[in-house]
Amino acid sequence: MKTVAMAWRNLFRQKRRTLITLSALIIGLCGLVIFQGYIGSLMRGFRDSTIRSGIGHLQIAASSGYFEDGEFNPFAFQLKDAETIIEGLEKDPEVQAVFPSTGFTAVAGMGEKSVTLLMKGYPAERMYFTPAAGTPASGTPTAPQDRFTLGTMTAGALAGAGQRDRIVLGETAARILGAAPGSVITLMAVLPEGGLNGRDFTVSGIYKAPGRDKIFAFTDYDTAMDFTRLAAAPVIHVLAKDIQAAGAAAARLPHGVAVRTWHDLATYFVQVNTMFAGFLNVIRAIILLVTLFILANTMNRIVRERMREWGTLRAVGTKKSTVLFLVVLEGCFLGTAGAVLGIALGFGVSFLINQAGGLPFVTDGQRLAIKILMSGQSVWLNLIPAAVVGALASFLPGLRAVRLTPSECLRQV
Amino acid sequence: MSLISIRNVQKSYRLDKTDTPALIDVNIDILAGERVCLMGPSGSGKSTLLNLIGCIDSPSSGSVVVNGADTRTLGDARLSEFRNRTMGFIFQSFNLIPVLSVFENVEYPLLLQKVPARERKARVRSLLERVGLAEYLGRSPENLSGGQRQRVSIARALVGKPQLVIADEPTASLDHVTGNSIMQLMVEMNETEGATLIFSTHDPAVSCYAKRIVRMTDGRIAEDGSAA
């Protein structure tokens, strides 16, 4: 039918008015697209660094209890088939790296000073510390993708493969103990049978990671397993090629094991992400509400101006519902056109900002340049609500167009 | 049998909380194929009577029966369909849809009738040829003269093969020469298509195109007879 064509062509009858009406939506959505792209880029970097700071895309344990209270008390959660599962996952094309880890609580002492540490043991080749001088250029991590990035190495280095009983201490813990690379500290931990084990560890490096470097310390996996006398790994980490690949890899895992995705485990990231999403939704809602009133006002004027047209359409046989549909569709097109222009402008400005190097972001004293993310999500997340707002804004004016009889409409000047 | 039968019709409009009568006790029958002119000064009730006959307004009391259907009994959707299939309208200000081309304006009533595309296009082309606008199919109505617009309006009114064509002051917005040519065209269409033509005017020169003249005064039919 001609209804769609008529609604579309009506947009261009008063081009200047259409543009002025849509200016609020265009400017608002342009800003929102840029802000959403900036936050999106930051959150993507945050997500990737969260995944690669000790979580992984997937974690596999013997039972779900491990994820509640087994990380530093692994004795009850040994994964008997760990080797088989690792072998199977290594063949999965979606998997980038798969490796076991363990953890335990220990008291570290040096001279008269002691601190409590949460020890994590990863294979040496799966641990990475950013050099102190290294500054990533953007929110996307530049660290190797097949290992965990556990912090910034401020002194010393990670022990080489085969070097046992080495420890990487956090900066705060090292300061409390007065330790430096080469220092020897004594670790004491409780064993499964209830006994105590003590051993000297040489500090190979000192790392910095805000909020973590007082309590977390790292050693290689073999040392940790030997020290705690564990027979089997309590957990396996999987680093997939990307987020989508993680789901595919999880689907191919054997039954009878407990699996958690990064999303289940990265609770802080999920909270921050949800907060930002909510914040963006509030901004979007305000923009759309303002647009709703502006569009409703314009549609009211349009309906009043075209009364004779509605009368003519009804006289020649158009049903009330079709006239209402025509008005609502025009509003819908108006909202959609505004959204398309706003999003296009937002993408255009984002492109120019990215070409100029991105927007600045300072974290841990590092000045990063954040590239603005231009995603399809920005399109539908703004386009669909704008179209709906356009339709809503024109519904009441549309009812006005059909409330009068055709002769009453035709009498309007 | 009458195509239109109007009995004891009253129509009043509410203005400033008082009812102002526009039609008072109107009774009239119009036969199929007739060419009727409603004459009278402004405010005499011509347009109101045309609106009631055209089912675009409803009487305050009395009955309006068109083609055997009592218009009071039809719901809005049925009434729309009834108008689309039974009537064609020609307005004083042409009332073409500005976002549709000449072709599309004429085609519109056929789209509502769901006439197949091939037949639809053939009928529109044929009718536009007959009104002398074959060259203007793709033009916007805004780029046409007043006379050309009224020709498009006539084509739109006739394209659905209606039994009744209603024209409210069809020449009022046109100069004398153009007005005459439009009336000649309407008469020709009335004779060839056989559709009943009812038009209103206050111009005696235009009324001579009718076979029957109904004179109205103050909302009443003052005189009803054959044209001289």
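Within the stretch A:355-370, one or more residues are buried (at least 22 other Cβ atoms within 10 Å of the Cβ) and modelled with pLDDT under 95. In a residue-by-residue description of the stretch A:258-266, the property of being surrounded by 20 or more Cβ atoms within 10 Å (Cβ to Cβ), farther than 22 Å from A:Ile60 by Cβ and either touching a Cys at 6+ places or on another chain (Cβ under 6 Å) or at pLDDT 90 or above (or both) applies to no position. Each residue in the stretch B:102-134 was checked for being surrounded by fewer than 19 Cβ atoms within 10 Å (Cβ to Cβ), touching a residue at least 24 places away in the same chain (Cβ under 8 Å) and farther than 25 Å from B:Val187 by Cβ, and 1 of them qualify.
For (1) at pLDDT below 90; (2) of a type in the set (A, V, I, L, M, F, W, C), each residue gets a yes or a no:
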position	(1), (2)
A:Ala231	yes, yes
A:Ile243	yes, yes
A:Ala250	yes, yes
A:Phe276	no, yes
A:Leu280	no, yes
A:Thr312	no, no
A:Val327	no, yes
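The residue list A:Arg301, A:Arg308 contains one member that is within 17 Å of A:Ile20 (Cβ to Cβ), charged (D, E, K, R) and out of contact with any Lys or Arg (no Cβ under 6 Å at 6 or more places or on another chain), which is A:Arg301. Contact map, the stretch B:198-226: first residue free of Cβ contacts under 8 Å to residues at least 60 places away in the same chain, second residue part of a strand (DSSP E or B), Cβ cut-off under 6 Å, separation 6 or more or different chains; pairs are B:Glu223/B:Arg215; B:Ser226/B:Arg212.
So that you can scan it fast, the table gives a plain yes or no per residue for (1) under 30 Å from A:Trp310 (Cα atoms); (2) in contact with a Leu (Cβ under 8 Å, 6 or more places away or on another chain); (3) of a type in the set (Gly, Ala, Ser):
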site	(1), (2), (3)
A:Ile39	no, yes, no
A:Leu42	no, no, no
A:Thr50	no, no, no
A:Ala61	no, yes, yes
A:Ser64	no, no, yes
A:Ala76	no, no, yes
A:Val107	no, yes, no
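Scanning the stretch B:210-228 for residues that are in contact with a Phe, Trp or Tyr (Cβ under 9 Å, 6 or more places away or on another chain) and either over 23 Å from B:Phe91 (Cβ atoms) or surrounded by fewer than 22 Cβ atoms within 10 Å (Cβ to Cβ) (or both) returns a single hit, B:Ala227. Screening the stretch A:1-113 for helices (runs of 4 or more DSSP H) wholly inside it with 1 or more residues that are within 14 Å of another protein chain (Cβ to nearest Cβ), in contact with a Phe, Trp or Tyr (Cβ under 9 Å, 6 or more places away or on another chain) and modelled with pLDDT of 90 or more returns the ranges A:2-10, A:15-50. Mind listing just one residue for me: the one in the stretch B:66-82 that is in contact with a Lys or Arg (Cβ under 8 Å, 6 or more places away or on another chain) and not acidic (Asp, Glu) and, of those, surrounded by the most Cβ atoms within 10 Å (Cβ to Cβ)? Ranking the qualifying residues of the stretch B:66-82, first place goes to B:Ser80. Across the stretch B:81-106, the qualifying residues are those that are facing chain A (nearest Cβ under 8 Å) and more than 15 Å from the chain's Cα centre (by Cα), and the one among them that is farthest from A:Glu305 (Cα to Cα) is B:Glu81.
Determine whether B:Arg125 is more than 14 Å from chain A (Cβ to nearest Cβ), not in a loop (DSSP other than H, G, I, E, B) and not aliphatic (A, V, I, L, M). Here the answer is yes, as B:Arg125 does meet what is asked.
Regarding A:Phe276, is this residue more than 14 Å from chain B (Cβ to nearest Cβ), part of a helix (DSSP H, G or I) and out of contact with any Gly (no Cβ under 7 Å at 6 or more places or on another chain)? Yes, satisfied.
Per-residue answers, yes or no, for (1) of a type in the set (Ser, Thr, Tyr); (2) out of contact with any helix residue (DSSP H, G or I) (no Cβ under 9 Å at 6 or more places or on another chain); (3) farther than 30 Å from B:Ser60 by Cβ:
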{"residue": "A:Gly338", "(1), (2), (3)": "no, no, yes"}
{"residue": "A:Leu341", "(1), (2), (3)": "no, no, yes"}
{"residue": "A:Ile353", "(1), (2), (3)": "no, no, yes"}
{"residue": "A:Ile372", "(1), (2), (3)": "no, no, yes"}
{"residue": "A:Trp380", "(1), (2), (3)": "no, yes, yes"}
{"residue": "A:Leu383", "(1), (2), (3)": "no, no, yes"}
{"residue": "A:Gly390", "(1), (2), (3)": "no, no, yes"}
{"residue": "A:Gly398", "(1), (2), (3)": "no, no, no"}
{"residue": "A:Pro406", "(1), (2), (3)": "no, no, no"}
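Please determine, by comparing only the residues of the stretch A:159-202 that are hydrophobic (A, V, I, L, M, F, W, C) and either touching a helix residue (DSSP H, G or I) at 6+ places or on another chain (Cβ under 7 Å) or part of a loop (DSSP other than H, G, I, E, B) (or both), which one is surrounded by the most Cβ atoms within 10 Å (Cβ to Cβ). Taking the candidates together, the pick is A:Ile185. Looking across the stretch A:311-334, the residues that are of a type outside the set (A, V, I, L, M), closer than 22 Å to A:Arg16 by Cβ and more than 11 Å from chain B (Cβ to nearest Cβ) come down to A:Gly331, A:Cys332, A:Phe333.
Residues checked against (1) in contact with a His (Cβ under 8 Å, 6 or more places away or on another chain); (2) more than 14 Å from every other protein chain (Cβ to nearest Cβ); (3) of a type in the set (Phe, Trp, Tyr); (4) more than 21 Å from A:Leu410 (Cα to Cα):
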| position | (1), (2), (3), (4) |
| --- | --- |
| B:Ile30 | no, yes, no, yes |
| B:Gly40 | yes, yes, no, no |
| B:Leu52 | no, no, no, no |
| B:Gly62 | no, yes, no, yes |
| B:Thr71 | no, no, no, no |
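Of the residues B:Glu119, B:Glu135, B:Glu188, which single one is under 16 Å from the mean Cα position of the chain (by Cα) and more than 14 Å from chain A (Cβ to nearest Cβ)? Checking each option against the conditions leaves just B:Glu188.
The values are calculated or read from the model by the stated rules, or taken from the named source; none is laboratory data. Note that the coordinates shown come from a computational prediction; the quantities given were computed from them, not determined experimentally. Please note: Cβ atoms are built from the backbone with ideal geometry, for glycine as well, and neighbour counts cover all protein chains shown.
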